[in-house]
Amino acid sequence: MTEERPYSCDHCGKTVITRRSLKGHLQIHTGQRMTVTDNDCGAAFQRSYPCDECGKTFTAASSLKVHHRVHTGEKPYTCDQCGNAFTTARSLKLHQRIHTGEKPYMCDQCGKTFSASTPLKLHQRVHTGEKPYSCDQCGKAFSAPNSFTQHLRLHTGEKPYWCEQCGKTFAVLSSLEIYRRQHTGEKSHWCDKCGRTFFRSTGLKKTPTHVCRRFPMCDLWKNVL
């Protein structure tokens, strides 16, 4: 049985099965994507667009244009709320959800919501137990790529983040940010009960290192101390 092809190209008459296929085909005529035909066998190959800076190739001229901004530093999309700039309209849209609080992606297991699909997919691994990133040195597995990368540095000794004040290096960016506060004296975490401030949020917990002065210690903490 012949498959129905209800969508046709106004330029050349080619018919396709879906609207999405037609949209992709139209790029051949607009110049966004081109095909090259081999004169010997008649086979058509999709034209590639290489970056003259790094050699990376793309199937569409528009994708190459966006990629060039990595090298030029161009960020034409600016947030009217805070002034942060971005290379793509999509990146700007995702950023603006920080200001609007919009979280359109919801976990069907627990109802937790997210501003983008990627963090939702990572979160869902909490429920599935999936850990696709495995260390070939020790076998430890991770659900998120950034956690996996940080773990690998334990084996390699790599510490790519350094303090501009003293040159001390760190394997994790958050560790550097906390360490910098020792130079500036900034203590961004504080107890709303006694007013004591801390470099780290963990200092706020009622542990032997911080028992709120405005509230008496329970017998449990007295025994520990």
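The values are calculated or read from the model by the stated rules, or taken from the named source; none is laboratory data. Predicted, not measured: the structure shown is a model, and the values here were computed from it. Here the Cβ positions follow ideal geometry from the backbone for every residue, glycine too, while neighbour counts run over all protein chains shown.
Some points to look at:
- Arg214, sole failed condition from (1) at pLDDT below 85; (2) within 27 Å of His95 (Cβ to Cβ); (3) in a loop (DSSP other than H, G, I, E, B): (2)
- Listed conditions (1) in a loop (DSSP other than H, G, I, E, B); (2) at pLDDT below 95 are all met by Lys131, apart from (2).
- Flag for Thr149 being surrounded by fewer than 14 Cβ atoms within 10 Å (Cβ to Cβ), among the β-branched types (Val, Ile, Thr) and not assigned by TED's automatic domain parsing to the domain that holds Lys93: no
- Residue count for segment 99-116 satisfying the condition of being in a helix (DSSP H, G or I) and surrounded by 11 or more Cβ atoms within 10 Å (Cβ to Cβ): 1.
- Pairs, first part of a helix (DSSP H, G or I) in segment 140-154, second among the hydroxyl-bearing types (Ser, Thr, Tyr), C-beta under 9 Å, six or more apart: Pro145/Tyr133; Ser147/Tyr133; Phe148/Tyr133; Phe148/Ser134; Thr149/Tyr133; His151/Tyr133
- Residue check for Ala85: small (Gly, Ala, Ser), surrounded by 14 or more Cβ atoms within 10 Å (Cβ to Cβ) and farther than 26 Å from Ser63 by Cα: no
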